[in-house]
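*Asks:* Dumping the structure here so I can ask a few things about it.
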Amino acid sequence: MIEDHRAPAVTHMVWYKIGAADETAPHSGIAHFLEHLMFQGTHSLAPGEFSATVEALGGNDNAFTSWDYTAYFQRVAADRLDVMMRMEADRMRGLNLTEEDVATERQVILEERSQRTDSDPGSLMGEQMRAAQFLNHPYGRPIIGWRQEMEQLSRQDALDFYKANYAPNNATVVVAGDVTPEEVKALAEEFYGPLAPSENVTRKARPQEPPQLAERLMMTDDRVSQPSLSRSYLAPERDPGNQRQAAALTILAEYLGGNPTTALMARKMQFEDPVAVYTGAAYDGTSVDDTTFGLYAVPLPGKSLADVEAALDKVLADFLAQGIDADDFARIKTQIRAADIYARDSSRGLAQTYGESLTVGLSIQDVQDWPDILQSITPDEVMAAAQSVLDRKASVTTWLSQTEEAAQ
């Protein structure tokens, strides 16, 4: 419960500790598929009635799936929180699915894959990149699923996944807004308290990555209008009670490519010795298992992907040899602190932060400690994290470009 009395509104979120990385073969995409099916109705709610009720109350709702979790949320007037909890608790254990519902939504997710992945060379490249990066871990599986398996998902598959994983002992409820902890606790006990737990709800052990020995991947597509280079490295996640390396990697991503004009890659590759029109870096350690640290670059007209990769390798080598500039480091610390302050201004953002963190295994104390840990990280810790993670043997570098025929 996160109190925020600035506006008479509330965000209600339910996070399930189940995602695409917890699926079993050959059911890739079942977590995302079930997210869609959860809006079909229950024994007391008709298909579509959940969202229609939220809209009639002047609110909005949606859901999303990741590798580690599936979450549902509504934002409504604070005095309608009881309605949201009642409906969410109803579909937590009372989902009603017909064969027609399943067939309709299966076609919807297949069309979603067609539009967002199969018709987009960049998305296809990203999918292939993750599959290459994770040799054994299910993080290499696309959240939406592989098409040939999506086509076979059945009503029984969905119900089995639902009954095993959608239960109060596998969920975190987060409420942020103009209510009190006493009100929220009473409502939670009233609506979620009576629900039966699932007997087999503990997250099963996942396959882990073997040592990686070689980078790999190149892709061409007639539809590519702008070539690009991407590189991802295996990187550790935020661990409960031990977040310093993840914090160092968060600062490293900002230092290398967080700002489109002042970050190291931008200065070196876009302005001092121009080979790229865009550069960037990304890291998010909020996951259950090891994640990735990513670098990106788009070449200038007339520059090849080989030129861009050579420039990137030089920037990284010089950085690892020379270390961190003190003024840049101080500036990034200030920017991170400012971003944290702005993020706290959004009750929805806070609900998202706590819900995601708790669902992947972090504690409330870990969430509250995170800003101070970021501010306490030293340049030496950032350099140690860089030396550990920026290892080409544990990376995938991708070149995405047109085929030779299309380029002519």
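The values are calculated or read from the model by the stated rules, or taken from the named source; none is laboratory data. Quantities reported herein were computed from a predicted structural model and do not represent experimental measurements. Quick reminder, even Gly has a Cβ in these numbers, built from the backbone with ideal geometry, and neighbours come from all protein chains shown. To get the accessible areas, we keep the full protein, side chains included, count just its heavy atoms, and leave off ligands, DNA and RNA. Shrake-Rupley method; radii C 1.70, N 1.55, O 1.52, S 1.80 Å.
*Asks:* For R344, which of the numbered conditions (1) surrounded by fewer than 18 Cβ atoms within 10 Å (Cβ to Cβ); (2) under 22 Å from E254 (Cα atoms); (3) in contact (Cβ under 8 Å) with a residue 60 or more places away in the chain fails to hold?
*Replies:* (3)
*Asks:* A follow-up question, please. Please determine whether any residue of region 109-118 is open to solvent by less than 50 Å² (accessible area, probe 1.4 Å), farther than 22 Å from S357 by Cα, hydrophobic (A, V, I, L, M, F, W, C) and assigned to a helix (DSSP H, G or I).
*Replies:* Among the residues of region 109-118, at least one is open to solvent by less than 50 Å² (accessible area, probe 1.4 Å), farther than 22 Å from S357 by Cα, hydrophobic (A, V, I, L, M, F, W, C) and assigned to a helix (DSSP H, G or I), which makes the answer yes.
*Asks:* Go through region 263-279 and report how many residues are outside any helix (DSSP H, G or I), crowded, with 20+ Cβ neighbours inside 10 Å and not hydroxyl-bearing (S, T, Y).
*Replies:* So the answer is 3.
*Asks:* Something else: Which condition number does A205 fail, the rest of (1) aliphatic (A, V, I, L, M); (2) touching a residue at least 60 places away in the same chain (Cβ under 8 Å); (3) loosely packed, with under 15 Cβ neighbours inside 10 Å being met?
*Replies:* All conditions are met except number (2).
*Asks:* Right, something else. Quick one: in region 210-226, of everything that is surrounded by fewer than 14 Cβ atoms within 10 Å (Cβ to Cβ) and over 16 Å from G126 (Cβ atoms), which residue is modelled with the lowest pLDDT?
*Replies:* For region 210-226, the residue satisfying everything is A214.
*Asks:* Please go through region 25-82 and give me each residue that is outside any loop (DSSP other than H, G, I, E, B), open to solvent by 30 Å² or more (accessible area, probe 1.4 Å) and farther than 21 Å from E100 by Cα, ordered by number.
*Replies:* T53, E55, A56, N60, D61, N62, F64, R75, A77, D79, R80, D82, listed by residue number.
*Asks:* Take region 298-320 and flag every residue that is part of a helix (DSSP H, G or I) and within 16 Å of V224 (Cβ to Cβ).
*Replies:* Once the filter is applied, which keeps residues that are part of a helix (DSSP H, G or I) and within 16 Å of V224 (Cβ to Cβ), region 298-320 yields L305, V308.
*Asks:* Right, another one. For S346, which of the numbered conditions (1) closer than 22 Å to V174 by Cα; (2) in contact with a Lys or Arg (Cβ under 9 Å, 6 or more places away or on another chain); (3) of a type in the set (S, T, Y) fails to hold?
*Replies:* Only one criterion is unmet by S346, namely (2).
*Asks:* I would also like to ask the following. Please go through region 353-364 and pick out each residue that is touching a residue at least 24 places away in the same chain (Cβ under 8 Å) and exposed (fewer than 14 other Cβ atoms within 10 Å of the Cβ).
*Replies:* S363 - this is the single residue of region 353-364 that is touching a residue at least 24 places away in the same chain (Cβ under 8 Å) and exposed (fewer than 14 other Cβ atoms within 10 Å of the Cβ).
*Asks:* T353 - would you say it is closer than 14 Å to A71 by Cβ and among the β-branched types (V, I, T)?
*Replies:* Against the criterion (closer than 14 Å to A71 by Cβ and among the β-branched types (V, I, T)), T353 qualifies.
*Asks:* Can you name the condition, by its number, that Q74 falls short on among (1) in contact with a Ser or Thr (Cβ under 8 Å, 6 or more places away or on another chain); (2) within 30 Å of V174 (Cα to Cα); (3) free of Cβ contacts under 8 Å to residues at least 40 places away in the same chain?
*Replies:* The number of the failed condition is (3).
*Asks:* So how many residues does region 83-102 have that are assigned to a helix (DSSP H, G or I), farther than 17 Å from V179 by Cβ and in contact with a strand residue (DSSP E or B) (Cβ under 8 Å, 6 or more places away or on another chain)?
*Replies:* Total meeting the criteria: 3.
Every residue, every condition in (1) crowded, with 20+ Cβ neighbours inside 10 Å; (2) at pLDDT 95 or above, yes or no:
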residue	(1), (2)
M87	yes, yes
L95	yes, yes
D101	no, no
T104	no, yes
Q107	no, yes
Q128	no, no
P138	no, yes
R141	yes, yes
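*Asks:* Being among the β-branched types (V, I, T) and either touching a residue at least 40 places away in the same chain (Cβ under 8 Å) or surrounded by fewer than 14 Cβ atoms within 10 Å (Cβ to Cβ) (or both) narrows it down to one of V308, V367, so name that one.
*Replies:* V308
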